[in-house]
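Colleague: Have a look at this one before I ask anything.
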Amino acid sequence: MIEHLHFLRPLWLFAVPAVAGIWWLLRNRRSPEHAFGNLVAPHLRSALTIKHTTQTRVTALDSFALALLLLALAAAGPAWRQQVAPWFEETAPLVIAMEVTDSMRSNDLTPSRLERARFKALDLVAARTGARTALIVYAGSAHIVVPPTTDSAILAGFLESLDPAIMPRQGTNSVAALPLALDLLGESAQIGTLLFIGDGFDSADIPALASFTANPSAPAVAALVVGTDAGGVALLPDGKPVLGPAGGALQTAIDGDLLARVGRETGMTLVRSEPGDGDIRRLLRLIESNLLQAEDPDAEWHDEGWLLLWPALLLVLYGFRRGWVLR
């Protein structure tokens with residue numbers, strides 16, 4: 001906030017030293033030294049002066065002067081945050097990269113990780129009414145499913161049809177989604193967000209992800225991690241467990257240390273899936289934050305001067321205490 005603080009009407013700041021100077025002059029005129037000047041010797045003047053206790057306390061003059069200072073600052077229009085224009089917000093797209101792998105069949109989340117990811121994506125799209133959203137799916141390879149659109153019904157239809165069986169290659173190649181996201185965002189990349197929705201990343205993808213996030217012209221990158229650390233059993237549609245490379249049940253536990261490393265080395269924001277909507281609200285704040293950092297040329301600064309009116313009013317009321325105004 002401090003680094004963005006400025007004044008919309010800075011000429012009003014000239015009133016601050018003027019009010020301070022007038023207060024100083026009036027304050028001094030009330031003192032015995034000013035009243036008698038050099039007519040009375042200092043030691044006699046001190047002995048003959050009645051020591052009013054009000055001289056050492058805040059007076060009505062002090063209260064009114066401070067209120068005027070606050071009013072002058074309020075009139076100057078302090079501002080530190082911007083309001084993004086509605087049309088600018090609608091041009092900030094979101095690209096969802098959904099992981100569609102066998103591990104997403106895990107039943108540690110009801111009914112499965114893939115279903116939970118689908119529900120979360122639909123909730124996020126519904127909360128971004130009027131904003132453009134695109135959909136990419138990836139496993140061993142990545143593919144564009146829906147280009148940027150504002151029609152949530154289209155996205156919902158394709159999300160409902162996602163299944164690991166339709167993916168041509170097995171694996172978890174999140175890096176393959178990066179160039180596709182850039183193509184979809186085009187010139188809007190800097191104000192857009194790429195959101196991965198899946199159950200984690202491969203350690204081999206970390207260098208490429210870090211290089212992508214370090215590019216100033218790339219979109220912001222975040223991830224919604226769906227699943228529990230303990231994992232579950234990945235089940236096929238016929239109820240049989242998915243077999244891993246070694247022939248046993250596919251391991252679906254989420255490596256928390258690997259996720260921490262991804263966040264640390266890439267700067268990516270990682271959000272763990274929650275039963276409620278707390279994760280969706282956090283992602284929405286993140287997308288809005290990415291938008292605010294894009295320097296909208298039509299954004300208007302909020303005039304926060306009204307915040308100073310309340311303490312100024314209280315000081316004026318305090319100055320009208322009984323017996324103060326006449327002193």
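Nothing in this text is a laboratory measurement; each read-out follows from the coordinates by a stated rule. For clarity, every value in this text was computed on a predicted model and none was experimentally measured. With ideal geometry, Cβ positions are generated from the backbone for all residues, glycine too; neighbour counts draw on all protein chains shown.
Colleague: Near Arg282, within a Cβ-to-Cβ distance under 13 Å, what is the net charge of the other residues, with Lys and Arg +1 and Asp and Glu -1?
Modeller: Details: positive: Lys120, Arg272, Arg281, Arg285; negative: Asp123, Glu274, Asp277, Asp279, Glu288.
Overall, the nearby charge balance is -1.
Colleague: What is the packing order of peptides 270-277, 281-288, taking the mean over residues of other C-beta atoms within 10 Å and listing the highest first?
Modeller: Values: 270-277: 14.4, 281-288: 16.6.
Put in order of decreasing packing, that is 281-288, 270-277.
Colleague: Describe numerically, in nm with one decimal, the distance between label points set 7 Å from Cα along Cα→Cβ at Thr110 and at Ala127.
Modeller: 2.3 nm
Colleague: Between Asp238 and Arg281, with labels modelled 7 Å along Cα→Cβ, what's the label distance in nm to one decimal, could you check?
Modeller: Simple spin-label model gives 4.5 nm for this pair.
Colleague: Going 7 Å from the Cα of Ile166 along its beta-carbon direction, which residues of the stretch 237-273 have the amide nitrogen within less than 18 Å of the resulting point?
Modeller: 237-238
Colleague: In a shell of Cβ-Cβ distance under 15 Å around Gly157, excluding Gly157 itself, what net charge do Lys and Arg (+1) and Asp and Glu (-1) give?
Modeller: Neighbour charge sum, excluding Gly157 itself: -2.
Colleague: Measure off 7 Å from each Cα along the Cα-to-Cβ vector at Leu258 and Trp306, then give the distance between these two points in nanometres to one decimal.
Modeller: Here the answer is 5.1 nm between the modelled labels.
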